[in-house]
Amino acid sequence: MLSFAQRGEKVAPSSTLAITAKINAMLAEGIDIVKFGAGEPDFDTPDYIKDAAIAAIHDGFTKYTPAAGTPQLKAAIIEKFKKDNGLTYKPSQIIVSCGAKHSIYNILQAICNPGDEVIFAAPYWVSYPEIVTLADGSPVVIETSAAQNFCMTPEQIEKAITNNTKAIIINSPSNPTGTIYDTDTLRQIAEIAVKHRSYVISDEIYESLLYDNLKHQSIASFSDEIQEITFVVNGVSKAYSMTGWRIGYTAGPEKAISAMSRIQSHSTSNPTSIAQKAAHAAISGSQSAVDEMRQAFEERRDVISQRFDEIEGITYVKPQGAFYIFPDFSAHYGRTIHGKTIHGSMDMAAYLLEDAKVGVVPGNGFGADKHLRFSFAASLEDINRGLDRIKDGLGR
């Protein structure tokens with residue numbers, strides 16, 4: 001009898017991609033939806049990056065490259081780590097992959113054996129538990145709260161670590177909360193990881209989008225000992241509005257990077273040659289467009305926060321980075337609106353989409369059913385229109 005592999009049955013679909021598909025289907029029908037769902041900047045990719053890709057096509061740079069990325073792009077990434085993060089790497093410690101998600105997938109495929117445990121915080125990015133499961137690992141989820149800025153404490157991590165712990169995932173700034181780990185907490189987590197010889201996977205894809213004059217600190221920068229066991233994951237998707245170009249990269253332990261390269265050589269082969277040329281231009285070129293986007297996002301963060309202050313029963317932690325806010329809607333659960341009872345985030349997201357014509361992502365996919373994720377990668381006009389509709393919808 002024909003059957004499917006169990007790993008596919010264990011993995012849940014991405015709630016963010018599912019809601020985006022539903023929103024786009026309604027838009028295609030001509031319905032006016034205000035979208036807060038997409039996890040991507042609403043700006044176009046800067047022209048100098050597109051020009052580099054076009055030049056690559058005209059120059060015939062359309063063939064295979066080394067599976068782990070071109071030497072030129074690796075050199076630019078090494079220089080970026082040195083300049084921005086105070087980290088020194090060799091080319092053999094760098095791999096370029098098809099997006100940061102692919103980078104994390106490769107890491108866990110390279111380090112996890114059946115039963116190995118991987119620790120991360122809830123709320124979490126929707127793909128963390130699924131990628132761990134696909135690597136035959138066991139997700140260990142630490143519940144966090146608004147009172148602790150949705151960040152794991154060193155005490156929680158110490159308590160969660162066992163002899164089976166293989167890695168700790170840190171996502172700062174965070175998707176979905178927009179919160180960051182402070183320097184002292186990162187330093188203590190680094191000490192715990194070194195003591196227990198646990199890998200750290202530091203997801204720093206939102207590094208360039210920090211607000212209130214905050215500066216990014218990579219956990220790998222505290223000592224040689226922590227750098228030796230840390231995978232630093234980054235990419236060009238968020239900083240340069242290049243989500244569709246699919247370029248992410250990892251710096252990490254040389255033997256593990258070698259294993260990741262072998263795995264990648266038999267799965268995707270090299271990342272797209274043209275996109276690598278574009279990524280090289282992005283990383284090594286002017287960063288003025290990045291700062292312009294960051295400033296726009298900070299203004300939008302302030303506006304959407306102020307608007308949520310106007311809605312009774314909604315609480316939130318003000319984002320310090322990324323372009324998400326993760327308000328708590330649970331005060332409105334149990335209500336019946338237009339004959340529909342709101343039992344959780346799925347019901348609330350469905351009500352807002354169908355009745356208020358506002359598209360948001362339910363929090364249950366992030367391990368936090370009291371919450372909804374709003375992306376403020378939207379115009380100020382749409383932010384105000386959307387919050388007007390939500391205020392009106394919840395006020396009925």
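Residue pairs exceeding 30 angstrom between C-alpha atoms, taken from Lys159/Lys370; Lys74/Lys238; Lys90/Lys318; Lys22/Lys63; Lys35/Lys101; Lys215/Lys277: Lys90/Lys318; Lys22/Lys63.
Note on the chain: Kirkwood radius taken over Cα pairs, Stokes-Einstein applied at 10 °C and 1.306 mPa s, translational D equal to 73 µm² s⁻¹.
Here the Kirkwood formula puts the hydrodynamic radius of the range 1-130 at 19.3 Å, using every distinct Cα pair. For the chain, carbon and sulfur atoms together expose 50% of the accessible surface, with a 1.4 angstrom probe and every protein chain in place. Antiparallel beta bridges, as assigned by DSSP with both residues in the chain, represent about 45 percent of the total such bridges. Once the Cβ-Cβ distance of Glu299 and Gln6 is raised to the sixth power relative to R0 = 35 Å, the FRET efficiency obtained is 0.15.
Under the combined filter of DSSP loop state and at most 14 neighbouring Cβ atoms within 10 Å, the range 208-298 retains these GluC sites (Glu not before Pro): Glu228.
One chain, two ends: Leu27 and Asn113. Fully extended at 0.36 nm per residue, the span grows by 26.6 nm beyond their Cα-Cα distance.
Under 19 Å from the 7 Å Cα→Cβ point of Arg385, by amide nitrogen: which residues of the range 350-370? Output list for this probe position: 352-361.
Using 0.36 nm per residue and subtracting the Cα-Cα separation, the extra length available between His343 and Lys90 on full extension is 85.9 nm. Between Glu143, Glu29, Glu40, the Gaussian network model of the chain with springs among Cα atoms under 10 angstrom shows the greatest mean-square fluctuation at Glu29.
The GluC sites (Glu not before Pro) found in the range 306-396 that occupy coil by DSSP, while having at most 14 further C-beta atoms within 10 Å, are Glu310, Glu312. Where a ≥ b ≥ c are the square roots of the eigenvalues of the C-alpha gyration tensor, would you call the range 235-297 rounded, which needs a/c under 1.5, or, failing that, prolate if a/b is larger than b/c, or oblate? Because a/c hits 1.5 or more and a/b exceeds b/c, the range 235-297 counts as prolate. Given the DSSP H assignment, sum -39500 (n - 2.57) over each helix run of at least 4 residues in the chain and divide by its residue total; what's the result at 222 nm in deg cm²/dmol, nearest 500? Counting only the DSSP helices, I get -12000 deg cm²/dmol.
Based on the alpha-carbon gyration tensor of the range 113-259 and its eigenvalue square roots a ≥ b ≥ c, which shape applies: rounded if a/c is under 1.5, prolate if not and a/b is larger than b/c, or oblate?
Judged from the Cα gyration tensor, the range 113-259 comes out rounded (a/c under 1.5).
Of Lys50, Lys83, Lys277, the residue with the greatest mean-square motion in the GNM of the chain, using alpha carbon springs below 10 Å, is Lys83.
So how much slack lies between Asp51 and Lys83, counting 0.36 nm per residue of separation and subtracting their Cα-Cα distance, in nm?
Values: separation 32, 0.36 × 32 = 11.52 nm, distance 2.48 nm.
Taking 0.36 nm per residue and subtracting the Cα distance, the gain is 9.0 nm.
For the chain, the solvent-accessible area works out to 43 Å² per residue, with a probe of 1.4 Å and every protein chain left in place.
Put a dot 7 Å past the Cα of Ser284, heading toward its Cβ, do the same for Asp392, and the two dots end up 5.2 nm apart. Where does the longest stretch of the chain lie that holds no chymotrypsin sites (Phe, Trp or Tyr not before Pro) found in a DSSP loop with 10 or fewer other Cβ atoms within 10 Å? By the stated rule (loop sites, at most 10 other Cβ atoms within 10 Å), 65-396.
Quick one: net charge of Phe323's neighbours, Cβ under 12 Å, K/R +1, D/E -1?
Values: positive: Lys238, Arg294, Arg300, Arg301, Arg373; negative: Glu40, Asp42, Glu298, Glu299.
Cβ neighbours under 12 Å give a net charge of +1.
The values are calculated or read from the model by the stated rules, or taken from the named source; none is laboratory data. The structure displayed is predicted, hence computed values, not measured ones. As a convention, Cβ positions derive from the backbone with ideal geometry for all residues, glycine included, and neighbour counts pool all protein chains shown. The protein model used for the area step is the full one, side chains on, heavy atoms only, and it has no ligands, DNA or RNA in it. Shrake-Rupley method; radii C 1.70, N 1.55, O 1.52, S 1.80 Å.
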